[in-house]
Amino acid sequence: MARKRDRATIQDVARRAGVSATTVSHAFSGNGTVAAETRERVREAARELGYRPDAIARGLRSSRLGVLGLVVRPLDPLDATFLEGVDYFLRFARAATLAAVERGYGLMLVPDPAGADAFAVGLVCDGFLITEPVEDDPLVAMLTRDRVPFLGVGRDPARPASEDFLDLGTAQIVTEVLDHLAASGGTRVAAVLGTAPNEWNRDAEAAYLAWVAARNQSSVIVRRAEIDGEAGGRAAGAELFSRPSPPDAVYCQTGRHAAGVLAEARARGWAVPQDIRIAAGEDSEQTRSAVPPVTAVDLRPEPLARTAVAVLADRVEGADRPLPAGPADHELVIRASTRG
């Protein structure tokens, strides 16, 4: 049987014309700003390749498809292996998918539609959930400009709190963990924070600085990229434990950093929690399986996901309901890293 000829794709046209896939999409849909010369070059490349725009990818903003898009910021542009062992995003996506189906929608995990090489199909979702928007988030700007319904799970730090963003309650969560570290005997509390420019890191830093200032303690902050994982935590621990007056308690924003700090402390012969107390702002496989297990916050993303889907679906359907009040649900799970 003869092999069916492969159909040309939007990426094939983009490569032939020397432009991005988004530009190809705009050249056919009329959206965005595409120079006349570029548009003709794109269409000539399409003719040469026998490409015909898929009806799904053309001008469907005028009608609903019944699909919500989920953009997980840590997946963009980082490798998906960043999420290994991290409960929060996987649990959020699972709960959001079920909640969307209950409302009659499908939920699609998509790369950032504002990216230069975004697939056109990602642009046709009825609305978007954006977990952990970054500062001056280009997707938030694009959706705001194009009047596409969206909801940020977390705030764009460059924008004020508004109905476009759910409050994660980060400051309250961080303060609760710091209070626990002090109650367990910590008198010199350091913080290991991430580097992503999002609300989670920015509000955590502000909460930590306010907490140490209220106790007349000196602030000690070390930053490591989230993608560095346990290795980044070990490097942060080495920096902290080499200080003339090392901390006796460490708050880590991620579970993988906390596991690394713990490994570095044990490699130096420090007893946990007698010499050093360690707690994390998020629970993960690394915090649960560490020896000893690390105190961490179960962020309980399931209620947050259900709320986010309900709010976004209301916006897609034109309902005008207020955002729910109060921070996200969570639980501080106390384990042996802070409990003698």
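The values are calculated or read from the model by the stated rules, or taken from the named source; none is laboratory data. Note that the structure is a prediction, hence the values are computed from the model and not measured. Here Cβ is always computed from backbone atoms with ideal geometry, including for glycine, and neighbour counts include all displayed protein chains.
Which residue pairs have Cβ atoms under 7 Å apart, sit 6 or more places apart or on different chains, and have a first residue in region 271-284 that is farther than 24 Å from D329 by Cβ and a second that is at pLDDT below 95?
Within 7 Å, the pairs are P273/R339; P273/G340; Q274/G340.
Mind listing just one residue for me: the one in region 225-270 that is charged (D, E, K, R), in contact (Cβ under 8 Å) with a residue 60 or more places away in the chain and closer than 15 Å to A196 by Cβ and, of those, surrounded by the most Cβ atoms within 10 Å (Cβ to Cβ)?
Checking each candidate, the answer is R256.
Would it be correct to say that A249 is farther than 22 Å from I173 by Cβ, of a type in the set (A, V, I, L, M) and in contact with a strand residue (DSSP E or B) (Cβ under 9 Å, 6 or more places away or on another chain)?
Spelling it out, it is not the case that A249 is farther than 22 Å from I173 by Cβ, of a type in the set (A, V, I, L, M) and in contact with a strand residue (DSSP E or B) (Cβ under 9 Å, 6 or more places away or on another chain).
Checking V222 against (1) part of a helix (DSSP H, G or I); (2) in contact (Cβ under 8 Å) with a residue 24 or more places away in the chain, only one condition comes out false. Which one?
(1)
Out of R268, R223, which single residue is at pLDDT 95 or above and farther than 22 Å from T131 by Cβ?
R268
Starting from residues that are surrounded by fewer than 18 Cβ atoms within 10 Å (Cβ to Cβ) and aliphatic (A, V, I, L, M), keep the ones in region 85-107 and report whichever is modelled with the lowest pLDDT.
Applying the filter and picking the extreme gives L90.
Quick check on region 112-137: of everything there that is modelled with pLDDT under 95 and of a type in the set (V, I, T), which residue is surrounded by the most Cβ atoms within 10 Å (Cβ to Cβ)?
Ranking the candidates gives T131 first.
Quick check on region 167-204: of everything there that is among the acidic types (D, E) and modelled with pLDDT under 95, which residue is surrounded by the most Cβ atoms within 10 Å (Cβ to Cβ)?
Taking the candidates together, the pick is E199.
Of all strands (runs of 3 or more DSSP E) completely enclosed by region 106-204, which ones contain at least 1 residues that are aromatic (F, W, Y)?
127-131, 150-153
Kindly list the number of the only condition in (1) over 22 Å from the mean Cα position of the chain (by Cα); (2) outside the structural domain of T97 (by TED's automatic domain parsing); (3) under 30 Å from L68 (Cα atoms) that fails for D314.
So the condition that D314 fails would be (2).
From the list R5, R43, pick out the single residue that is more than 34 Å from the chain's Cα centre (by Cα) and at pLDDT 80 or above.
The match here is R43.
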